[in-house]
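Taking it in order: structure first as structure tokens, then the write-up.
The values are calculated or read from the model by the stated rules, or taken from the named source; none is laboratory data. In this text the structure is predicted, and so the values were computed from the model without any measurement. For neighbour counting, all protein chains shown are included, and Cβ atoms are generated from backbone atoms with ideal geometry for every residue, glycine included. The area values use the complete protein model at the heavy-atom level, side chains included, leaving out ligands, DNA and RNA. Shrake-Rupley method; radii C 1.70, N 1.55, O 1.52, S 1.80 Å.
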Amino acid sequence: METIILAVVIAVVVLGALGGLVVGSRRRKPLPPPPPSPPDITAPPAEPHVGEEAETPREEPRRTIEEVDLPDGAPPVAVEEPPVVEELPVPEIEVPEPTAGRLVRLRARLSRSQNALGKGLLTLLSREHLDEDTWEEIEDTLLTADVGVQPTQELVERLRERVRVLGTRTPEELRGLLREELLTLVGPTMDREVKTEPATSKPGIVMVVGVNGTGKTTTTGKLARVLVADGRSVVLGAADTFRAAAADQLQTWGERVGAYTVRGPEGGDPASVAFDAVKEGKEMGSDVVLIDTAGRLHTKTGLMDELGKVKRVVEKHAPLDEVLLVLDATTGQNGLVQARVFAEVVDITGIVLTKLDGTAKGGIVVAVQRELGVPVKLVGLGEGADDLAPFEPEAFVDALIGD
């Protein structure tokens, strides 16, 4: 009996121990995470209803305009200021120097480069014995001064005859003798007026021609100053459409004396520009139209033909009153070749000699007149705006032989 009771007690103890182990192991295991809560779902806004299904509008409080608080001041309004346009300065119109006696005023400038001819001749003529060698030296001096062969021979023959017959020996007598003969050679009776007053109706039409580099455009601008100084109104035709900035250069010259400039597109037809210039001059009632043409190489036949075309187109308005050939006085005898070709194409009526204040030799005046049979009408004696002067034979010869 006691044995049965002991076995039951042992069984109870064993079962209690086993139950404690099971409970302890369950406490050590982590509990599983709780299930996630369902998300809050926002219902979409209800669609507006129309007609009978429409909801009755809710009453909301409203304020009158008196109850609305207004700002203290109106917000600033940005006003765009108009752009400032800079006015271009109006070019000041210059008053050119009067042309009367201009060459006399420029005599000192001319004589600086030309005295070698006159002084050389006076020195040779003042020798005690005028033998053949001396006369040959006189000839060489004249030829070196670009007087030309035929005029040189004529001058030497007349000098030899007068010295032999008159026995002129004093310096004053020699200077007077030389002055008379040089003046005869230059041609004091030639008509050197630039024709700008047509016989019928104005404007007078003047065309300026020449090779590249002789200063045609500058000469045209200076000639405009000469005419304005004499009280003429001038229109300039910028028919040199091939040289870059030639039209701008001519227009600048014109603006300085109040002359209007007619121009065309760069590379355009020069004959068309010349035609328009004459037409504009007629409509404006101007006294003179000056047409500056493009530089032409006298050796290029096509270019010379085009120059003839410009002349023919201009003459559809009216005949040309002057065709002035601009020559560089420093080119010497080469200038005569140029002059000969131009005279065949456009009938030269007058010569303008530029750069006569530099290394030029005064004898070119005689040579070019003999070659063309037309007078030198204007001479350029410097780079100044008023250094273009009407040619005066007496003042020129006086500058040659000096005081």
Kindly check whether there is at least one residue in region 167-182 that is open to solvent by 90 Å² or more (accessible area, probe 1.4 Å), under 16 Å from Leu117 (Cα atoms) and within 49 Å of the chain's Cα centre (by Cα). yes
Within region 115-164, track down each residue that is in a loop (DSSP other than H, G, I, E, B) and open to solvent by 20 Å² or more (accessible area, probe 1.4 Å). Ser126, Arg127, Glu128, His129, Leu130, Asp131, Asp146
Given the criteria modelled with pLDDT of 85 or more and either surrounded by 24 or more Cβ atoms within 10 Å (Cβ to Cβ) or closer than 30 Å to Arg256 by Cβ (or both), does Ala395 qualify? no
Please verify whether Met284 is more than 21 Å from the chain's Cα centre (by Cα), surrounded by fewer than 23 Cβ atoms within 10 Å (Cβ to Cβ), within 24 Å of Phe342 (Cβ to Cβ) and of a type in the set (A, V, I, L, M, F, W, C), treating the condition exactly as stated. no
Being of a type outside the set (Lys, Arg) and more than 17 Å from Val206 (Cβ to Cβ), is that true of even one residue in region 341-348? yes
What pairs come up if the first residue lies in region 254-277 and is over 19 Å from His317 (Cα atoms), the second is modelled with pLDDT under 90 and among the aromatic types (Phe, Trp, Tyr), and their beta carbons are under 7 Å apart, counting only those six or more places apart or on different chains? Gly267/Phe242
Which condition number does Asn115 fail, the rest of (1) modelled with pLDDT under 60; (2) out of contact with any Gly (no Cβ under 8 Å at 6 or more places or on another chain) being met? (2)
Name the pairs whose Cβ atoms lie under 8 Å apart, with the first residue in region 290-314 and open to solvent by 20 Å² or more (accessible area, probe 1.4 Å), the second among the aromatic types (Phe, Trp, Tyr) and at pLDDT 75 or above, and 6 or more positions between them or separate chains? His298/Phe342; Val313/Phe275
Search result, residues across region 199-225 that are surrounded by 21 or more Cβ atoms within 10 Å (Cβ to Cβ) and either without any contact (Cβ under 8 Å) to a residue 24 or more places away in the chain or closer than 18 Å to Gly281 by Cα (or both): Pro203, Gly204, Ile205, Val206, Met207, Val208, Thr220, Gly221, Leu223, Ala224, Arg225
Considering only residues that are touching a Pro at 6+ places or on another chain (Cβ under 7 Å) and either open to solvent by 20 Å² or more (accessible area, probe 1.4 Å) or within 21 Å of Thr152 (Cα to Cα) (or both), which ones fall in region 368-392? Gln369, Arg370, Asp386
Return the residue satisfying two criteria in turn: it lies in region 324-353 and is at negative phi and among the small types (Gly, Ala, Ser), and of such residues it is modelled with the highest pLDDT. Gly350
Only residues in region 133-146 that are more than 14 Å from Val368 (Cα to Cα) and in contact (Cβ under 8 Å) with a residue 40 or more places away in the chain count as the first member; pair them with residues that are open to solvent by less than 20 Å² (accessible area, probe 1.4 Å) and in a helix (DSSP H, G or I), Cβ under 7 angstrom, at least 6 apart or cross-chain, and list the lot. Leu142/Thr152; Leu142/Leu155
